[in-house]
Every structure is written in C-alpha cells, then in structure tokens.
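Have a look at the structure below, then the notes.
The values are calculated or read from the model by the stated rules, or taken from the named source; none is laboratory data. These numbers were taken from a predicted model, which means no experiment stands behind them. Cβ sites come from the backbone with ideal geometry, for glycine too, and all protein chains shown count toward neighbours. The protein model used for the area step is the full one, side chains on, heavy atoms only, and it has no ligands, DNA or RNA in it. Shrake-Rupley method; radii C 1.70, N 1.55, O 1.52, S 1.80 Å.
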Amino acid sequence: MTPPRQLVLPLPERVSLERDDYFVSASNRPALEAVEAWPSWTGGMLAVIGPDGAGKSHLAGLHARRSGAVRWPAVGPHLVVEDADRVAGDRAAEEGLFHAFNRAAAEGGTILFTARLPVAGWPVGLADLRTRLNTVVAAALPPPDDALLFAVLLKLFADRQIDPERAAEVAAWLLPRMDRSLGEARRIVAALDEASLAAKRRLDTRLAAEVLAGIARQEDMNGR
C-alpha cells in the first residue's frame with residue numbers, strides 16, 4: 001500500500017512584532033501593505049474589510065503597537081475603530097464617530113477602521129458621517145488561503161508542543177475540511193489537544209475526524 005503523500009505548501013513569511021506573530025501570504029499581503037503605509041493613508045483613513053476570522057483584529061493590533069493608536073471611543077491622535085459596521089445604526093455612536101473623524105481630519109490624526117461589510121454597506125443613519133466615510137479607502141482582507149491557514153495550524157500545534165511531523169499530517173488533512181477562518185483554526189487545535197489529553201491518544205487524522213464530527217454535531221444542536 002502506497003503511503004499518502006504529504007501536502008507541501010510554501011510557508012508564508014512571519015512578521016514578528018513584540019510577542020505576536022503575523023504570517024504573510026498572497027491572501028493577506030495587500031491588506032498588510034495598506035496598513036503599513038501609515039501614516040501616508042489617503043485622507044489619514046483606511047478601512048480593512050473582511051469576514052469574521054480573517055485576521056482583522058490581528059492587523060489592527062499590529063498597527064496599534066506600531067503607531068500608538070488607541071481604540072475608539074478613547075481619544076487620541078491616532079485611532080482604531082473595530083467592527084465599525086456594527087457601530088453604524090447607533091445614533092449616539094455615530095455622532096461620537098463623526099466628531100472623532102472631524103478631530104482627526106483637523107489635527108492631522110489617522111483612523112483605522114475594521115469591518116465585515118464594505119463601507120457603502122454600513123447602515124449609517126447620520127448623513128454627515130456617511131459623506132465622510134465615503135472618502136475612506138478600503139483594503140480587502142479575504143479568508144486565509146491554504147498557505148496561510150497551514151502555517152497558522154502548524155504554529156498553533158507547535159505552541160502546544162505537538163510533534164511537528166504529526167502536526168503537519170493533521171494540518172494537511174484539516175485544510176479541505178475546515179472553515180476558512182483563523183479563529184476556527186484556533187478552536188479546532190484547542191479541541192484536538194483537549195481530546196488527545198483526555199483520551200490519552202496521540203494526535204492523528206482519526207482523532208481529527210472525530211473532533212470535527214463532534215464540533216459539527218454541537219453546531220447542529222445550536223442551530224448554526
């Protein structure tokens with residue numbers, strides 16, 4: 001019987017800032033480069049748009065450490081406004097964001113927004129804020145590609161001291177079977193490690209299949 005061939009992927013480079021690791025692949029490089037163009041953003045504003053689990057918060061954290069930006073509604077010359085599309089629709093929050101926008105524009109400050117929806121899709125009720133937001137340049141952050149997801153899975157396994165060869169085998173098996181989300185990668189690796197320790201079983205693809213099936217059953221029960 002011919003043994004299965006191990007999936008070979010070019011590993012992304014890793015950008016290390018303080019204690020955080022940010023892997024860079026073709027999928028997230030354009031958004032990273034747009035963020036790192038600070039403080040030369042057009043109009044001092046940038047919106048990073050992507051689905052849940054794409055890494056928006058990680059990018060925002062890297063930017064905050066580099067620029068000294070504070071998270072809105074705190075006040076400072078440079079701001080990070082996370083989940084801005086969820087703020088939209090709240091009149092008081094919109095007015096606060098409108099004033100923050102004007103303050104940044106008047107004082108040479110900058111604002112990094114993150115959101116799931118493109119700016120045009122934010123349910124903004126305040127007309128003056130909507131007009132200002134229409135000038136914000138956006139950078140798309142798509143779901144992670146295979147190279148990025150594989151690298152993150154390997155790091156998560158390594159953080160839990162899983163044998164590298166076994167981790168690579170399981171990570172390759174997981175890639176076509178899991179949601180394309182960095183958050184989902186963290187959840188699955190944690191569940192695998194917990195199951196392995198509880199059952200005193202070594203990590204392998206059979207255990208991975210059981211854990212994924214358990215996660216799917218739980219989600220069905222929760223009505224996902």
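The requirement of being open to solvent by 20 Å² or more (accessible area, probe 1.4 Å), touching a residue at least 40 places away in the same chain (Cβ under 8 Å) and more than 15 Å from the chain's Cα centre (by Cα) is satisfied by Lys155.
Filtered by the rule that a residue be without any contact (Cβ under 8 Å) to a residue 12 or more places away in the chain, in contact with a strand residue (DSSP E or B) (Cβ under 7 Å, 6 or more places away or on another chain) and on the phi < 0 side of the Ramachandran plot, region 38-70 gives a lone residue, Val70.
Within region 52-66, how many residues are within 14 Å of Phe113 (Cβ to Cβ) and surrounded by fewer than 22 Cβ atoms within 10 Å (Cβ to Cβ)? Don't jump to the end; show me each part of the working.
So in region 52-66, the residues within 14 Å of Phe113 (Cβ to Cβ) come out as 56-57, 59-60, 63-64.
If we keep only those that are surrounded by fewer than 22 Cβ atoms within 10 Å (Cβ to Cβ) as well, we get 57, 60, 64.
Final tally of qualifying residues: 3.
If you go through region 103-126 and keep only what is farther than 13 Å from Ala47 by Cβ and either among the aromatic types (Phe, Trp, Tyr) or open to solvent by 50 Å² or more (accessible area, probe 1.4 Å) (or both), you end up with Arg103, Ala105, Ala106, Glu107, Gly108, Pro123, Gly125. Could you check, for region 169-184, whether at least one of its residues is of a type in the set (A, V, I, L, M, F, W, C), crowded, with 17+ Cβ neighbours inside 10 Å and touching a Pro at 6+ places or on another chain (Cβ under 7 Å)? The answer is yes; a qualifying residue exists.
Applying the criterion of being of a type in the set (Asp, Glu) and in contact (Cβ under 8 Å) with a residue 24 or more places away in the chain to the residues of region 73-93, the residue that is farthest from Ile111 (Cα to Cα) is Asp85.
Scanning region 124-152 for residues that are more than 17 Å from Val48 (Cα to Cα) and touching a residue at least 24 places away in the same chain (Cβ under 8 Å) yields a total of 13.
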